[in-house]
1. How about the range 13-66: which of its residues are under 16 Å from M1 (Cβ atoms), polar (S, T, N, Q) and either touching a residue at least 60 places away in the same chain (Cβ under 8 Å) or part of a helix (DSSP H, G or I) (or both)?
2. Among the residues of the range 67-78, count how many are part of a loop (DSSP other than H, G, I, E, B) and in contact with a helix residue (DSSP H, G or I) (Cβ under 8 Å, 6 or more places away or on another chain).
3. Taking the range 8-23 as the search range and keeping residues that are in contact with a helix residue (DSSP H, G or I) (Cβ under 7 Å, 6 or more places away or on another chain) and at pLDDT 95 or above, which one is surrounded by the fewest Cβ atoms within 10 Å (Cβ to Cβ)?
4. So which residues in the range 98-118 are of a type in the set (A, V, I, L, M, F, W, C) and part of a helix (DSSP H, G or I), if there are any at all?
5. Which one of these is more than 21 Å from A117 (Cα to Cα), in contact with a strand residue (DSSP E or B) (Cβ under 7 Å, 6 or more places away or on another chain) and among the aromatic types (F, W, Y): F21, F54?
6. If you take the residues in the range 32-50 that are out of contact with any Asp or Glu (no Cβ under 8 Å at 6 or more places or on another chain), closer than 22 Å to V120 by Cβ and of a type outside the set (D, E), which one is surrounded by the fewest Cβ atoms within 10 Å (Cβ to Cβ)?
7. Please work out if R96 is out of contact with any helix residue (DSSP H, G or I) (no Cβ under 7 Å at 6 or more places or on another chain) and either modelled with pLDDT of 80 or more or within 19 Å of V29 (Cα to Cα) (or both).
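The values are calculated or read from the model by the stated rules, or taken from the named source; none is laboratory data. Only a predicted model underlies this, so the values are computations on that prediction, with no experimental measurement involved. Please note: Cβ atoms are built from the backbone with ideal geometry, for glycine as well, and neighbour counts cover all protein chains shown.
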Amino acid sequence: MPRILIMEDNLQLAFEWRDVFELNGHQVVLTHSGEEAIEVLRGGGIDLVVSDLFVTNGKGGLSVIAALKILGREAPPVIAVTGASSSIGDDEAENRFLAQARRLGASDSIKKPFLPAELVVLADSLLEAHC
């Protein structure tokens, strides 16, 4: 059973995503700040990370991605998530925060709002490719 770490400070979204992942046979560890996520990642045993880039009162997803590089072992795939709007040039489809997360090492990204099922499909494809 894949273990997925979700780092999301919006509790409604965090619980919604957790429930959908669990319904699809995944085990979920919820955290609400980058500090908590990094602590869980230090312990190992995580197969995939879903990380919001911006959280209130703490380190966000970019810190989580950077910490994975510092841990020095094979990092799980990371899905970067944000609802922040910032496009590159005239291309509204390219969010610069998500592009930066991919440059830093995120495996993929998704912009809020999205359906939880879309997140599960993306996660499953990354888990399949990683294993």
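1. Once the filter is applied, which keeps residues that are under 16 Å from M1 (Cβ atoms), polar (S, T, N, Q) and either touching a residue at least 60 places away in the same chain (Cβ under 8 Å) or part of a helix (DSSP H, G or I) (or both), the range 13-66 yields only N24.
2. 3
3. E16
4. Correct list: L98, A99, A101, L104, A117.
5. The conditions single out F54.
6. My answer is G45.
7. yes
Residues checked against (1) among the basic types (K, R); (2) at pLDDT 90 or above:
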position: G25; (1), (2): no, yes
position: K59; (1), (2): yes, no
position: V64; (1), (2): no, no
position: L71; (1), (2): no, no
